[in-house]
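Here is the structure we will look at, set down as C-alpha cells.
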Amino acid sequence: SPRPPPRLSAAAPASAPRRSAARAKVGVFYSTNTGTTKIVTDKLRAALGDKVEGEPLRIDDVGIDALKQYDGLIVGAPTLTIDADENRSGTFWDKLLPDIAALDLEGKPCAVFGVGDSVLYSDTFCDAIEEIHRTFASAGCTMVGAVSTEGYGHMESKSEVDGQFLGCPFDEDNESDMTEARAKAWVDQLAAGEMGDAF
C-alpha cells in the first residue's frame, strides 16, 4: 500500500518568525515630502528583488529604533532645503539626525541614496546625501555605496568628494528614464561585496 505523506509539524509555522534572526537582513528607509523620493524608493526596491525582505519603511512611521533591527541599512532622502549646512532634506530625517548620530550602529554597512533636481538646483544637487552619510558614519556604520559623478549634469554638490558621490543620486524630475538603470547598477555594486554578509 502507498506510504502516507509525511506529517507536517503544526508547530513549524509558529516557530518560524517572519524575519529570522539568524538570517542577515537589510532595511530600506526613506522619508519624503513631495512624494518623489517614494517613487525612487519603490524603483530601488524593485531592483533589490529578494536581497531584502518586506517593503521600504518610512522613517516618519517607524522611528529610529527600527534602524537597530537590521544588519545593513539603505537610507534615502531628497534635498529640499537649498544651500543649507543642516536639515537639508526638508523631511522628518532632519528632526531625527542628532538622535541617529548618537545610536550604536557599529559595523553595520549603510548605503545612502538621494533625490534631487540637477537642472533647477544644479549647484546644490543631492546635498542631503552628505548630511545623511555623515550622521550614519557618526553612529558607527561602515559607509558604502559611493558612485562616480560621471553621467550627471549637475554643477556642484556637498555630497561630492574626489569625483564621487557619497551615495547614489537620482534625478526623477529630469532623468526619470535613467532611474531604473541607476538603481540596478547601484544594487549590483552593493551586492558585489560592499554590503558584506547583510545581503
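The values are calculated or read from the model by the stated rules, or taken from the named source; none is laboratory data. These numbers were taken from a predicted model, which means no experiment stands behind them. For neighbour counting, all protein chains shown are included, and Cβ atoms are generated from backbone atoms with ideal geometry for every residue, glycine included. What goes into the accessible areas is simple: the full protein's heavy atoms, side chains included, and nothing from ligands, DNA or RNA. Shrake-Rupley method; radii C 1.70, N 1.55, O 1.52, S 1.80 Å.
Odds and ends about this structure:
- Listed residues PRO56, PRO109, PRO98, most fluctuating in the chain (Gaussian network, C-alpha, under 10 Å): PRO98
- Total charge dipole magnitude, the chain, about the Cα centre, Cβ charges on Lys, Arg, Asp, Glu only, Debye to nearest 20: 1580
- Angle of helix 36-48 to the longest C-alpha principal axis of the chain, folded into 0 to 90 degrees and rounded to 10: 40°.
- Residue separation of ASP104 and THR34 scaled by 0.36 nm, minus their Cα-Cα distance, works out to 22.1 nm of gained length.
- ALA185/ILE82 FRET efficiency (R0 30 Å; Cβ-Cβ; nearest 0.05): 0.60
- Residues in segment 76-115 reached by a label modelled at ASP123 [backbone nitrogen below 14 Å; 7 Å Cα→Cβ]: 82-84
- Calculated FRET efficiency for the pair ALA46/GLN69, C-beta based, R₀ 22 Å, to 0.05: 0.45
- Cα centroid separation, segment 161-178 to segment 71-120 (Å): 15
- Of all DSSP bridge pairs formed entirely within the chain, close to 15 percent run antiparallel.
- Ellipticity at 222 nm from helices only: DSSP H runs of n ≥ 4 in the chain, each -39500 (n - 2.57), divided by the residue count, give -7500 deg cm²/dmol.
- Option label - Rg and Dmax of the Cα atoms in Å computed here, alternatives (i) 17.5, 50; (ii) 18.7, 79; (iii) 24.4, 89: (ii)
- To the nearest ten degrees, helix 128-138 and the longest principal axis of the Cα atoms of the chain are 60 degrees apart.
- With the Kirkwood sum run over all distinct C-alpha pairs, segment 109-182 has a hydrodynamic radius of 12.2 Å.
- Carbon + sulfur, % of accessible area of segment 22-73 - ligands and nucleic acids excluded, 1.4 Å: 45
- Surface accessible to a 1.4 Å probe, per residue, for the residues of the chain, Å²: 51
- Spin-label pair ASP177/GLU150, simplified geometry with 7 Å Cα→Cβ offset, distance in nm: 2.1
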